[in-house]
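Right, one structure below, let's go through it.
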Amino acid sequence: MKRLSRSGKELLRPAGWSLFTSKTAEGGQQQCAPGSSPPSGPPTSKTRSEYNFDGIVLVTQSHDTLPAELECLKAPLQDYSSVDSGLGDEVVLIKVPGLPGKRLIFASTGPVNRDYDDVRRFSDAAVNGIKRALKAGMQRPLLVCPPHKDYKDNALAAALGALHALYMPLEVREANIKSLDHKVCVLGLWAAQEAEGKRLVELANALESGRLAYRDIGGSDPERMAAPRVAEYVQELFKNSPVEVEVLSNVKVLEKEYPCLAAVNRCANSVPRHQARVIKLQYRGEGPIQKTLMLVGKGITYDTGGADIKAGGFMAGMHRDKCGAAAVAGFFQILAHLKPKHLKVVGAMTMVRNSVGADCYVADELVVSRAGRRVRVGNTDAEGRMVMVDLLCEMKEKVRSGALKTLQVYLFFRCISSKWDGLSLQAAQEVSPQLFTIATLTGHAIRAMGPNYSIIMDNGPAHRNGNAAQWQKGETD
């Protein structure tokens, strides 16, 4: 898991993935007594001494519910609670001789059984715990999140929370502002069983690799991630990977194939470093294809609003209007790591800057789309549908036979604090195809559900198939 610059230089070695388990050589479970070191042999990858962890970050609801394998962590926390009844209210750092680095950080999740609680309680607690570890100077923390009966993926959520806190922005890494391009050297993950630990590391590694790409593209400033430089980043990212990349930059091609996108690009096209790019991605897993996903991501590298300019301070933060396209790139990065079989994924990133100037498109302008429909522009700040509609049409053409079914998707991703929504179409020529758009378009998800929630919503045909319900329950193949 690493981030590369276009020159190929490694920029980030986040967390240096490692694993520590409590499995003994005989396959039994070894317990550590209070004041002793946690069991260290023969782990799934390397032993504690080999990694030389310098502290433990414990993420759980209460020290009273720790499993037998972690009994050694209970006594120091009980001693601490005898003098501080607020143990579960704040992140605490305790000196414990015998533990790695003699340091134990306890980050309680708090209650996890209320109506509004979910697995993010573990992620949030891990964020707080790792921040405290960084403040304490830890460079090789061991994250311990014991299983919870109601949340089977709580350890994965905690790992992703820890990695979220360890992210180093791309501009910081490239500018060499810090002496190191990573916040810690190693992040250890505890697991009670070898198979469980390997699965946890593999999945967390893959998911975080996608999130790194997403945050690099989506969160970087509008010059560092202007359309041509996004294309360079993506090409470098997927070099020597199972993901195929094609970049379209010729303005004549864009005008012919994607006239609505070209209309938005018209003003920015006069500035070479802001000129549009359409980035096409494809992944084809091994074996007979059983499902096809087709993704179109909105990639507005900066949204001024165009002629309908964003006034009153609402333009700030609009470099994040490319997060839909960033998510497409991140998803393909996950595919490149996990290499799922029997799956085909086709993606398009519509990287365009919505600039304002003498040649910008304006309200009341008529544009003939790829589908031959005459589109009257009502507001130039509705550029997202303009840049995606022709790519959607092209995707539809690829699966033209068969009745189309539509699905609408609203997503909110907290790491960039921007609202996503999208449109998904199903058709039938590719094997079991589904088409999605992912875009920062409106704030309706936040208005309907509040912040920090992902929303998926069907239209009629997709609702009859129960698509959204399956996605929400994680029941899709």
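The values are calculated or read from the model by the stated rules, or taken from the named source; none is laboratory data. Note that the structure is a prediction, hence the values are computed from the model and not measured. Ideal geometry is used to build each Cβ from the backbone, glycine not excepted, and the neighbour counts take in all protein chains shown.
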Which numbered condition Lys252 misses (of (1) farther than 16 Å from Arg385 by Cα; (2) basic (Lys, Arg); (3) within 19 Å of the chain's Cα centre (by Cα))
(3)
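Each row is one residue, and each column tells you yes or no for (1) of a type in the set (A, V, I, L, M); (2) over 30 Å from Ser355 (Cα atoms); (3) at pLDDT below 95.
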| residue | (1), (2), (3) |
| --- | --- |
| Ala206 | yes, yes, no |
| Ser249 | no, no, no |
| Cys267 | no, no, no |
| Gly285 | no, yes, no |
For region 332-365, enumerate the residues that are under 17 Å from the mean Cα position of the chain (by Cα) and among the polar types (S, T, N, Q).
Gln333
In region 81-115, what count of residues is obtained for those that are assigned to a helix (DSSP H, G or I), surrounded by 18 or more Cβ atoms within 10 Å (Cβ to Cβ) and not small (Gly, Ala, Ser)?
1
By my count, strands (runs of 3 or more DSSP E) wholly in region 404-477 with at least 2 residues that are at pLDDT below 70, surrounded by 15 or more Cβ atoms within 10 Å (Cβ to Cβ) and out of contact with any Phe, Trp or Tyr (no Cβ under 9 Å at 6 or more places or on another chain) are 405-413
Meets criteria (surrounded by 14 or more Cβ atoms within 10 Å (Cβ to Cβ), in contact (Cβ under 8 Å) with a residue 12 or more places away in the chain, under 22 Å from Gly443 (Cα atoms) and under 29 Å from the mean Cα position of the chain (by Cα)) for Ala329
no
Scope region 341-365; condition in a loop (DSSP other than H, G, I, E, B) and either over 21 Å from Ala268 (Cβ atoms) or of a type in the set (Lys, Arg) (or both); matching residues
Lys341, His342
Helices (runs of 4 or more DSSP H) wholly inside region 116-190 containing at least 2 residues that are more than 23 Å from Leu93 (Cα to Cα) and either among the basic types (Lys, Arg) or over 20 Å from the mean Cα position of the chain (by Cα) (or both)
170-175
Residues of region 93-115 classified as within 26 Å of the chain's Cα centre (by Cα) and of a type in the set (Lys, Arg), total:
0
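Name the single residue, out of those in region 296-326 being among the aliphatic types (A, V, I, L, M) and touching a strand residue (DSSP E or B) at 6+ places or on another chain (Cβ under 8 Å), that is surrounded by the most Cβ atoms within 10 Å (Cβ to Cβ).
Step one: list which residues in region 296-326 are among the aliphatic types (A, V, I, L, M), which gives 296, 300, 307, 309, 311, 315-316, 318, 325-326.
Subsequent filtering for residues that are touching a strand residue (DSSP E or B) at 6+ places or on another chain (Cβ under 8 Å) retains 296, 300, 315, 318, 325-326.
Numbers: Val296: 30, Ile300: 29, Met315: 14, Met318: 19, Ala325: 36, Ala326: 33.
Going through the qualifying residues, I end up with Ala325.
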Selection from region 366-396 of residues out of contact with any helix residue (DSSP H, G or I) (no Cβ under 7 Å at 6 or more places or on another chain), surrounded by fewer than 20 Cβ atoms within 10 Å (Cβ to Cβ) and assigned to a loop (DSSP other than H, G, I, E, B) yields Gly372, Arg373, Gly378, Asn379, Asp381, Ala382
In this structure, does Gly305 turn out to be in contact with a helix residue (DSSP H, G or I) (Cβ under 9 Å, 6 or more places away or on another chain), assigned to a loop (DSSP other than H, G, I, E, B) and not aromatic (Phe, Trp, Tyr)?
yes
